[in-house]
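Data block below; observations after.
The values are calculated or read from the model by the stated rules, or taken from the named source; none is laboratory data. These numbers come from a predicted model, not from an experiment. Counting neighbours? That spans all protein chains shown, and the Cβs are built from the backbone with ideal geometry, glycine included.
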């Protein structure tokens, strides 16, 4: 089996950080995203997923892909992506910009698998309210997602995971896509469902 890199896409509050955190806790290798964004206490859990650097340090880095998202810069270091691809059977990453798929594909060809986390408007607003966002912030994120076609990421990715129920349901779908589940022999399955 060739080494695979799974890239997660989706709008704000689609569950990218939650899914990546769950997979990391299971031992799946993560390729960190470098950013100029500082995460305040409301998003403190993202501090372990993103490496925040100053803008002048960011400019000195060598990235395979870069993106600007809501005024902050994001990138994936070329050395970390290539090293991960060579050393790990399965790696995961967050990609901020759909346009980066083509660039990333040049380096890891058919071994890049893209997964779009899809949510609907109701879930989007509900999650933002639970995160403590104000009405103005929610309006901004909805307009930003619409203008930048974040809700359309499913059109260019390999797989779609509808993440509107529990995180567990989405995680189970992702594990199946990644081939990180084992089928139970029929005899054992029959016992489980009795």
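For residue 4, indicate whether it is over 30 Å from residue 139 (Cβ atoms), surrounded by fewer than 15 Cβ atoms within 10 Å (Cβ to Cβ) and touching a residue at least 40 places away in the same chain (Cβ under 8 Å). No. Whenever a residue of segment 77-88 is closer than 16 Å to residue 51 by Cα, its partners that are in a helix (DSSP H, G or I), lying with C-beta atoms within less than 7 angstrom and at least six residues away or across chains, give the pairs 81/107.
Summed over segment 27-43, the residues that are over 17 Å from residue 113 (Cβ atoms) and assigned to a loop (DSSP other than H, G, I, E, B) give a count of 7. The residues on offer are 92, 20, 98, and the sole one that is assigned to a strand (DSSP E or B) and surrounded by 19 or more Cβ atoms within 10 Å (Cβ to Cβ) is 92.
Of the listed requirements (1) in contact (Cβ under 8 Å) with a residue 60 or more places away in the chain; (2) over 19 Å from residue 6 (Cα atoms), residue 33 misses just one: (2). Scanning segment 53-89 for residues being assigned to a helix (DSSP H, G or I) and within 20 Å of the chain's Cα centre (by Cα) gives a total of 8.
The residue that is modelled with the lowest pLDDT, among those in segment 137-194 that are under 13 Å from residue 115 (Cα atoms) and not in a helix (DSSP H, G or I), is 157.
Residue by residue, here is whether (1) closer than 26 Å to residue 25 by Cβ; (2) in contact (Cβ under 8 Å) with a residue 24 or more places away in the chain holds:
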position	(1), (2)
102	no, no
113	yes, yes
121	no, no
134	no, no
159	yes, yes
181	yes, no
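Checking each residue in segment 103-127 for being within 27 Å of residue 146 (Cβ to Cβ), part of a helix (DSSP H, G or I) and either at pLDDT 85 or above or within 16 Å of the chain's Cα centre (by Cα) (or both) picks out 104, 122, 123, 124, 125, 126, 127.
The residues in segment 58-67 that are out of contact with any helix residue (DSSP H, G or I) (no Cβ under 9 Å at 6 or more places or on another chain) and surrounded by 12 or more Cβ atoms within 10 Å (Cβ to Cβ) can be counted, and the count is 1.
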